[in-house]
Every structure is written in C-alpha cells, then in structure tokens.
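A short write-up of the structure that comes next.
Rule-based calculations on the coordinates, nothing more; no lab input. Keep in mind that what you see is a predicted model, and the values were worked out from it rather than measured. Cβ atoms come from the backbone with ideal geometry, glycine included; neighbour counts cover every protein chain shown.
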Amino acid sequence: MEPIRIAAQLEEKFPDSILGIMEHRGQVTTSVARTPIVEIIQFLKTEHQMNHLNCLCGVDNLHRTAHVGERFEVIYQLYSIENRILLRLKAQVPEAEPAIDSICGLWTGANWLERETYDLFGIIFNNHPNLKRILTPDDWQGHPLRKDYALKGDQEWSGFEQLKEKAAQLKQFEF
Amino acid sequence: MTKTTILDVQVADGADDKYRLKMGPQHPATHGVLRVDLELDGETIDKCDPQVGYLHRGFEKLAEHRTYAQNIVLTDRLDYISAMANNVGYCVAVEKLLAIEVPPRAQFIRVMVCEMARISSHLLWLATHALDIGAMTVFLYCFREREVLLELFAELCGSRLTNTYTRLGGVRQDVTHSIMLKLQRFVDEFPGHIAEYETLIDTNRIWLKRTIGIGQISADKAVDLCLTGPSLRGSGVAYDIRQHIPYAAYNQMDFEVPVGETGDTYARYRCRMEEFRQSNTILRQCIERMPPGPILGKDAPDLIMPAKPGRKLEFDAVAGNALIKLIDNRDLYMAGDVYVATEVPKGELGFYFISDGMGRPYRMHIRSPSFLHIGALATIGQGVMIADLIAIIGTLDVVLGECDR
C-alpha cells in the first residue's frame, strides 16, 4: 500500500486527530495531535508492519516563516521493513505545556531518542522510564536546540568549578 | 551500616554486595569516550548504564548556522573512521531536499568511495575487535590493508581521514588512471587477505569461545532496539538501505546482503566478513563500468567554481579578491522536509532536514547508528560477564564521534 493511502486510512481511523497530510519530494508527512500518538503508532505498527523506527526528533518552529501549528513538533519517522514504506508523523506539542506520551513501550530503542529530544528541546515524555539529560551534563541550563538558545555565549558550565575542586582534591593522592 | 566511600565512589561493604564500577571513559576497549556504569555481582553485570556525551560538539545546532555546502566538513567528524560514507550520506540527503541532479560518473565514484570506506571501517572494526578479545596478529594484518585504502583516499582528495570529498551535485575531484590501477590491484589481492584473516580467527578455539552465544539478540529484539547495519543483519533481518531504498548508483550494482542466523557475536562477525567480499565485488563492478562524463552536476549550488560559465562570482571586499563568498542566501530552495537514510558501515545514517527556503538548513537532525547501538547496550549487557561486555561493545561497532555528534 502506498504511504499516501496509509495516511488516508489513518484519517479514517482517527478523524479528530489527523490535522493534515503533506507530501514533499515523494515523502508523506502526517501532522497529528499529540494525545493519541501511542495509539496511532501502535495502529501503524500492527496493521501496516511499520516495525522500524528510523528516527525520532524534535523541531522548534519559533523562527519558521509561514508555519501553521504549535511551536514544537516531535517527528516520528517510521519504516516497514517488509513492505518498504516510509511514513512520517509530526506530532504538535504546544509551548505552554511541552509534553507528549512516550513510545518506549513500542520500541525499547526509543528510550534514548526521547531522552535526547528532552535534553535538546525540553519536551517532556510522559511515562518515560528514565527521562534525564543525555548529551549535555545533568546540571546544564537551557535546551540547546531551541531557537531562542544562542549559538555562542560567554557563560561557563556550572560544573566547571566543581571539577577544579575535584582535581585539587585528587592531588593529595598524587594521581 | 554506613556505606564506605572512597573519593565519593561507593564500594562494596557487605550490606549491599553490588560493586559499582565506572568503565571508561578512558578504557581502551570502549572505543573512544564511552563510559559504562556497571553494577556488578562478582563478575556478572547486574545493571549496565552507558553514559555518553563526552564528545558532544553540537553539530545539529552548528549546522543551522552554516550553509549546506559548509556542513559537509561537519559530517567528516561524525564517524571519523568512514568519513567518505558520511559525506555521501549528507550529500544524498541535501540533494533530495533541494532536488539537485548528480551525473552518472559522480554516482559511480560515490559508490566506489562508499565501499572503500566500508572496507576500511570494517578492517578497523576487525582489528580492534580482535584485539579486545585477545588476537593481536589480526590487528597488524588489518592495518596493513587499511593503509592502502587510506593512501588511495589521500591521492583522491588529499586527506586520509577527514575527506570532505563529495560536493552537492557531485564530487570534488575526478579519479585518475593511477588511482584506478592501484584500486584494481587492491581488489585483486583483497579476497586473499580476507582468507588470511579467516585462517587466523575463524576456527580459532579461543575466538569461538569468546564469540559464540555471546550477546545473543533475537530478530524481534534487534528491531525493537532499533539496531541497524550488520548488527541487525546478524540477527537475521535483511534490512540494507542499499537495496531497500537505493541511492547513488547502488540500483545498478549486483551484490548480496549477507544475513546471519543466530544473532550472536560470531554471527555478526561472519556478516561483516561476508560484507568484505560483497564490497569487493561492488568495487570491481565500479572499476569495470565507470562511465565517462562530468563529475559535478550543472545546477550544483553553493560551490562556486571559477570555471563555471554563466555564474557571477562574489568577492569579499575586505579579504581582497582571494576569498570567494560561499554563502548563498537565495530564496530559491523549496520549503519542506525530507528524511534520507544511507547505509554507512555502522548501520543506518539518516539525515532529517527541514528547509525554510533559505541557503541554510532550518533544522538538521542526524540519526546515527552508534547512538542507538550504545542505547541498546543497556539491554544487551544485562546479565553478562565483564569480559563479554567488551566483546559486545566491539561487535556492535560503535564510534563515539557519531554517537555524541
């Protein structure tokens, strides 16, 4: 079945949650509401054998021209190894309450992808088993991939002082 | 009972027999700066918690501030063992996003360098994996062949590791007759070398004991853990992007995708050994069928070549005439998003791009195989021995530059 027809089927199954279907360069994206995201992906996984999660990432639409929708989006790129079909889901996540349900129950591998999205965008994944920062240190301030986070800054990482203390402490052991 | 601590690290004190060990980030068997926090019961791992981020350089943030052409150099620093494959992966994705055509000769050259990168990466994998398990000789033999490929890369683009060879719409330099001759010699000799490695370890009793049944992953579990590449195919799932969604000239190549059965360390080892042979056949086909013609498409953006007709050069007034402006903020790219994946030696390297119509990507996400493979380590490493964890890290073939981005 073609991805566009799967998207149409999704719209039939979840009429209130599908916000739009787009196609660009032959790739189909379905914009969905965030609440039934687990059910939608579960449906795709069981009914259409979308068993491979290619990628899961966040997007900040703050500076985007001509954008309709919420500030944040979570992208789910799904692929069916048997049927060789790509389909992309785009869940809308509002700025006021940046949270969405976790899909760790469907793929164990989604665990780290969601942690990364939380780390870099500050999107909270409900029911995630271990939602903490992954690429930046635990005490990092802010979420680097948000568009209002500057590329360059002059602040030091707060853990740097502790690190220096630790080095001084280790000196007595003659390391 | 109070916990005994030495330098803030809890040690076993009888009340809780778990020994907590931080393996890495300087441990040589963790292939870079990977740290694995272990909770041990004797030598058995109760809990395995990999910690990454030591090499995080913020490529995704950086990429939003650079033009598409400038970002090619960032991809070298992802998987620095097979930079060529990353270059190709990035360019294929951007070309799909901006609809740039690539001439057939450039497509073939891309396949050729991709497979050279695959062989070179697998050689390094075999060398270090065998070294981790205790077979020193293989290490030296593999580096001997890898050197030939690296020298070929240097001849092709002037650099052994950080190649930055591809350009949007083609490749930087044409392959010369001398490179083709040297590659032909390599392709002729290499099957003999593969047999040589196999003599050393394929039926080696120690090797078999250290790999058979270790780190076993079932097919369903491998898909569940989002494994890709040889790590997934070792479990029996025939998912190879070169065949599933062919890019460059892979649809014109005749090759097989080796698939394992048992899903253990030995099966993954066999998969990669077979991939050596398949890559070698692809290289042979490339040499035989390399089409003539241009190596850069006529509508290639960003790269400004003086020889290109019909295109005005912009010169930087401050730096004099020497510096050609690379920045190109024309509003001619269509806004939209694509996800394009390519098969790099480690697995599936995907780029998710959002274009806002500008000369720079609005958002670039890198889906790196190593990130997910290390994530899977937490599950696979549970309940194994420490020595086996080393074998498992080796067999998943991770590179931390790609994981941390």
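Listing for the model above:
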quantity	calculated
Where labels lie 7 Å past Cα in the beta-carbon direction, separation of residue B:379 and residue B:73 in nm	3.9 nm
Dipole magnitude of chain B about its Cα centre (Cβ charges: Lys, Arg +1; Asp, Glu -1), debye to nearest 20	1080 debye
Angle between chain A longest axis and helix A:159-171 axis [Cα atoms, degrees, rounded to 10]	40 degrees
Chain B - Rg (one decimal) and Dmax (whole number), Cα, Å	22.7, 81
Cβ-Cβ FRET estimate between residue B:335 and residue B:27, R0 fixed at 30 Å, reported to 0.05	0.05
Within chain A, helix-based [θ] at 222 nm, where runs of 4 or more DSSP H residues each add -39,500 (n - 2.57), nearest 500	-8500 deg cm²/dmol
Cα convex hull of region B:176-218 - mean projected area over all directions, nm²	5.0 nm²
Lysine pair count for region A:3-171 [Cα-Cα under 29 Å; pairs on different chains or 8 or more apart]	12
Radius ratio Rg over Rh of region A:3-171, counting only Cα atoms, Kirkwood formula for Rh	1.06
Angle in degrees between helix A:37-47 and the longest Cα principal axis of chain A, rounded to the nearest 10	50 degrees
Paramagnetic label zone (point 7 Å from Cα along Cα-to-C-beta, residue A:39; backbone N under 12 Å) in region A:5-28	A:13-18
Euclidean distance between Cα centres, region B:363-386 to region A:123-173, Å	21 Å
Beta bridges by DSSP in region A:3-171, antiparallel share as percent, to the nearest 5	75 percent
Listed residue (A:36, A:125, A:4) projecting farthest to the positive dipole end of region A:3-171, Cβ model	A:4
Scattering profile of the protein assembly as shown at q = 0.09, 0.11, 0.12 Å⁻¹ [log10 I(q)/I(0), Debye over alpha-carbon scatterers]	-0.72, -1.09, -1.29
Within straight-line cross-link reach of residue B:298, lysines at Cα separation under 16 Å, skipping those fewer than 8 residues along the same chain	B:96, B:308, B:312
Only Lys, Arg (+1) and Asp, Glu (-1) charged, at Cβ; region B:144-218 dipole about Cα centre in debye	320 debye
Residue B:344 long-range amide H proximity, modeled H, under 5 Å	B:349
Part-to-part distance (alpha-carbon centres) for region B:228-285 and region B:34-91, which is given in Å	23 Å
Label point distance in nm, residue A:164-residue B:177, each placed 7 Å from Cα along Cα→Cβ	6.4 nm
Extended-chain gain in nm, criterion 0.36 nm per residue less alpha-carbon gap, residue B:287 and residue B:140	50.1 nm
Residue order, fewest to most beta carbons within 10 Å, for B:160, A:115	B:160, A:115
At least 30 Å along the helix axis (C-alpha) and Kyte average at least 0.5, DSSP helices within chain B	B:104-133, B:136-157
Residues B:368, A:17, B:279, B:178, sorted so that the one with the fewest Cβ neighbours within 10 Å comes first	B:178, A:17, B:279, B:368
Counting DSSP beta bridges with both ends in the protein assembly as shown, the antiparallel % (nearest 5)	90 percent
Residues of type aspartates and glutamates that residue B:47 reaches as a straight line, Cα spacing below 17 Å, ignoring anything fewer than 8 places off in the same chain	B:16, B:17, B:37, B:39, B:388
Taking A:157, B:125, A:107 and counting other C-beta atoms within 10 Å, the order from fewest to most	A:157, A:107, B:125
GluC sites (Glu not before Pro) restricted to DSSP loop in region A:97-175 with at most 14 other C-beta within 10 Å	A:156, A:174
